[in-house]
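Engineer: Take a look at this one; I'll ask things after.
Nothing in this text is a laboratory measurement; each read-out follows from the coordinates by a stated rule. Treat the numbers as computed from the prediction; the structure is a model and nothing was measured. So basically every Cβ, Gly included, is an ideal-geometry build from the backbone, and we count neighbours across all protein chains shown.
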Amino acid sequence: MSTAYESATLLIRLYELRRDPTMREARTWYFQNFNPTSVDEVVETLGGPNSAHFRMVTSYWDMAASFVNHGAIDPEMFNDANGEHIFVYLKLEPYLAEYRAKIGNPAYLKNLEQLLLTSPSVKDRVEALRDRVRAMVAGR
């Protein structure tokens, strides 16, 4: 397990990466425009003009979660400093199993899923945000 200083240093580095202009554009698209209502819409995204945005956001948060899952970043500190990863997961959660099957990748977003479903400090946040995400998607 990393020290508090090492965790904080990595968290700052992850924050710096999120400030990259292309990453900001991808995150804006993901949160404002990506509101799938079926697995087919998620699959279509891969072949569409926002494929890179989708892949950038999802792979970034899965990578960050892998750092936590492997002990490079303290889970409590990570989850206290971030919330965006929960929204990323929740937008895909209803379609995740079917999406994994369609793309032939059973491990897709496994790090992010593991972090969210096994971290006691996050489970309650996931449940609380799940209804908010559903309401946001339904309202669009």
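Engineer: Identify, among Leu90, Gly139, Met77, the residue whose Cα sits farthest towards the positive end of the charge dipole of the chain, taking +1 on the Cβ of Lys and Arg and -1 on the Cβ of Asp and Glu, with the dipole about the Cα centre.
Structural biologist: Toward the positive end, the furthest listed residue is Gly139.
Engineer: Given the rule -39500 (n - 2.57) for each run of at least 4 DSSP H residues, summed and divided by the residues of the chain, what is its mean residue ellipticity at 222 nm, to the nearest 500 deg cm²/dmol? Please list the in-between numbers first.
Structural biologist: Details: 9 runs with 108 residues, N = 140.
One gets -24000 deg cm²/dmol as the mean residue ellipticity at 222 nm.
Engineer: Further question: Is there a quick way to get the dipole size of the chain? I mean about its Cα centre, with the Cβ of Lys and Arg at +1 and of Asp and Glu at -1; what is the value in debye to the nearest 20?
Structural biologist: That gives a dipole near 240 debye.
Engineer: What FRET efficiency comes out for the pair Tyr5/Phe31, r = Cβ-Cβ distance, R0 = 35 Å, nearest 0.05?
Structural biologist: The value I calculate is 0.70.
Engineer: While we're here: Which distance in nm do the two modelled labels at Arg100 and Thr118 give, with both placed 7 Å along the Cα-to-Cβ direction?
Structural biologist: 1.3
Engineer: So what's the net charge close to His53: Lys and Arg +1, Asp and Glu -1, counting the other residues with Cβ under 14 Å from its Cβ? Walk me through the numbers before you get to the answer.
Structural biologist: On the way: positive: Arg18, Arg24, Arg27, Arg55, Lys91; negative: Asp20, Glu25, Glu44.
With Lys, Arg at +1 and Asp, Glu at -1, the neighbours total +2.
Engineer: Quick one: Phe31, Phe78, fewest Cβ neighbours within 10 Å first, how do they rank?
Structural biologist: The fewest-first ordering by Cβ neighbours comes to Phe31, Phe78.
Engineer: In addition: May I ask for the distance between the Cα centers of the stretch 61-98 and the stretch 1-51, given as a whole number of Å?
Structural biologist: Going from one Cα centre to the other spans 11 Å.
Engineer: Oh, and also: How far is it, in nm, from the label point at Asp131 to the one at Arg13 when both lie 7 Å from their Cα along the line to the Cβ?
Structural biologist: 4.0
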